[in-house]
1. Can you work out the FRET efficiency for the pair Y51 and S272, with r the C-beta to C-beta distance and R0 = 30 Å, to the nearest 0.05?
2. Enter the angle in degrees (range 0 to 90, nearest 10) between the Cα long axis of helix 261-277 and the first principal axis of the Cα atoms of the chain, meaning the one along which they spread out most.
3. Can you spot the lysines whose alpha carbon is less than 20 Å from K18's alpha carbon? Ignore those fewer than 8 places along the same chain.
4. Would you mind getting me the FRET efficiency between E104 and L262? Use the beta-carbon distance for r and R0 = 41 Å, nearest 0.05.
5. Figure the gain on full extension for L288 and N81 (residue separation times 0.36 nm, minus the Cα-Cα span) and round it to one decimal in nm.
6. Where a ≥ b ≥ c are the square roots of the eigenvalues of the C-alpha gyration tensor, would you call segment 231-282 rounded, which needs a/c under 1.5, or, failing that, prolate if a/b is larger than b/c, or oblate?
7. What is the angle, in °, between the Cα long axis of helix 65-80 and the longest principal axis of the Cα atoms in the chain? Nearest 10 is fine, range 0 to 90.
8. Just for the chain, what percent of DSSP beta bridges are antiparallel, to the closest 5?
Amino acid sequence: MTRSCNLCGNTLISRFPKVIDPLTNETFAIHTCTECGLGHTVPQPKELSRYYGNVYYGNRHGVTASYCTKRRLGFVAAATNEKTGTKLLDIGCGDGSFLLAARESGWAVVGTEINPELPRAAGLDVRETIEQVSDRAPFDCITMWHTLEHMRDVALTLSQLSRLLAPEGTLLIAVPDIGGLQSRLFKHNWLHLDVPRHLYHFDAFSLSFGLSSAGFHVRHQWHQELEYDLIGWSQSALNCLFPVPNIFFDNLTGKKRNVSPLLNGSSFVLGSILSGLSLPAVFAGTLLGRGGTLVVAADRIM
């Protein structure tokens with residue numbers, strides 16, 4: 001049982017006492033640190049492999065995959081002032097789509113992935129752990145696209161990245177924002193809690209705290225990733241209405257669910273309508289700095 005904060009060691013209190021894993025129907029809780037605000041999934045299973053499926057590693061973004069890759073390249077270009085021709089490390093690279101696009105843009109790329117078969121088959125240099133990429137360091141840009149929340153030890157991971165990053169390099173991290181409007185409204189039904197795969201849950205303060213403790217300075221924040229924010233609003237609302245969670249989301253990402261055609265069809269139709277209606281909420285969250293997702297660019301403190 002997690003009793004103290006992984007990031008700062010302080011006391012945890014209950015925030016969401018009952019959160020259901022949509023894949024296994026097992027029950028977890030989320031406890032929040034009283035000092036830095038980092039959310040912790042409780043308990044954290046010792047063996048996580050059974051909570052992931054093969055589809056998770058390959059087809060994470062479904063119909064938005066191409067847009068997601070272009071958006072991430074845009075973040076990299078903005079954070080590095082269009083610098084290319086140097087080394088980029090992507091932690092948790094999935095099927096390697098982003099690394100392939102970054103290589104096409106001129107970066108020398110390396111990745112990590114716990115199941116590296118897919119990106120290696122695409123001809124990419126992908127290692128299984130962060131420790132295994134030290135021979136390619138230092139890196140001019142390190143990216144973590146919705147990966148940090150999966151790591152066992154946040155503080156250790158960030159300190160490892162500090163050692164791998166070049167003195168004038170850039171670290172880009174994207175995470176769901178548990179301090180955003182979606183989490184506050186939908187609570188335990190929020191899609192992006194995704195327990196127990198998400199071991200930790202960040203808001204702007206806890207992420208900045210962790211980065212500062214590891215020797216980084218947050219240079220810029222963005223409060224929206226359009227497809228993540230849209231599906232966060234629509235699927236979370238459906239989770240409040242339907243007895244089976246995440247049907248609409250799983251349809252979009254190519255996952256098969258054993259549900260009735262009526263439930264499947266009605267979820268898809270209503271989810272599509274809600275996604276369109278959610279656009280004003282997405283932009284409101286962005287303007288208020290309380291979107292469903294948070295992206296930060298950070299530099300090493302010299």
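Please treat every number below as a calculation from the coordinates, not as lab data. Everything quoted here is computed from the prediction, not taken from an experiment. With ideal geometry, Cβ positions are generated from the backbone for all residues, glycine too; neighbour counts draw on all protein chains shown.
1. Working: r = 28 Å, r/R0 = 0.94.
Using R0 = 30 Å, I get an efficiency of 0.60.
2. 60
3. K46, K187
4. Computed FRET efficiency for E104 and L262 comes out at 0.40.
5. Values: separation 207, 0.36 × 207 = 74.52 nm, distance 2.58 nm.
Length gained between L288 and N81: 71.9 nm.
6. On the way: a/c = 1.96, a/b = 1.75, b/c = 1.12.
Note, shape of segment 231-282 comes out prolate.
7. Taking the Cα atoms of the chain, the angle to 65-80 is about 40 degrees.
8. 60
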